[in-house]
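Notes for the one structure printed next.
Please treat every number below as a calculation from the coordinates, not as lab data. Just so it is clear, the structure is predicted and the values come from calculations on it, not from any experiment. FYI the Cβ positions are ideal-geometry reconstructions off the backbone, even for glycines, and counts take in every protein chain you see.
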Amino acid sequence: MWTTYDRWGPTEAFGIICSAASNSVYDGKLAFLPALEDVLVWDVKKGQMLSMWHETGHRAEVTCIVQSPSKDTFAVGYVDGSIRLWNSGNNSSTVVFNGHKKAVTAMCFDPSGTRLASGSQDTDIIIWD
């Protein structure tokens, strides 16, 4: 008597959902998650990825994400010391700040959203406006 069993195997590979090297931001509906050098935007209720923020040629890993008070602008810090401002409305990088020599570890917008403070492993704190 022979018995056969179906062998289980994954049917789809979807890649990285979230990397542990950075914080995540949740605004009550959408989750903004680091995925190596990208930021993924997920609709938590539907369980689907809506967009991926990726800049061609930039290979540094995301280390910090913060949302501005205006809600549509995000500052994303990277391991190479750069900071990019992303517009969540059109999924594009609007400004790049280069001033840190090591990984960005902390960021905070002022209440008006016009200034950004950033700190990094190089022990510098920079105020951007």
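Odds and ends about this structure:
- Under 17 Å from Lys102, Cα to Cα: aspartates and glutamates that are on another chain or at least 8 residues apart: Glu37, Glu61, Asp80, Asp122, Asp124
- Cβ-defined net charge surrounding Trp42, 13 Å radius [Lys, Arg +1; Asp, Glu -1]: 0
- Cα-centred dipole magnitude for the range 84-129, charges only on beta-carbon of K, R (+1) and D, E (-1), debye, nearest 20: 140 debye
- Residue with peak Gaussian network fluctuation, the chain [Cα springs, cutoff 10 Å], from Thr94, Thr63, Thr73: Thr94
- Full extension of the chain segment joining Asp72 with Asn98 gains 7.2 nm, where the gain is 0.36 nm per residue of separation less the Cα-Cα distance.
- Straight-line reach from Lys45: taking Cα to Cα under 21 Å and skipping same-chain neighbours fewer than 8 places apart, the lysines in range are Lys29, Lys71.
- More than 21 Å apart - percent of Cα-Cα pairs taken over the chain: 42 percent
- Net charge, Leu116 excluded, C-beta distance under 9 Å - Lys, Arg +1, Asp, Glu -1: -1
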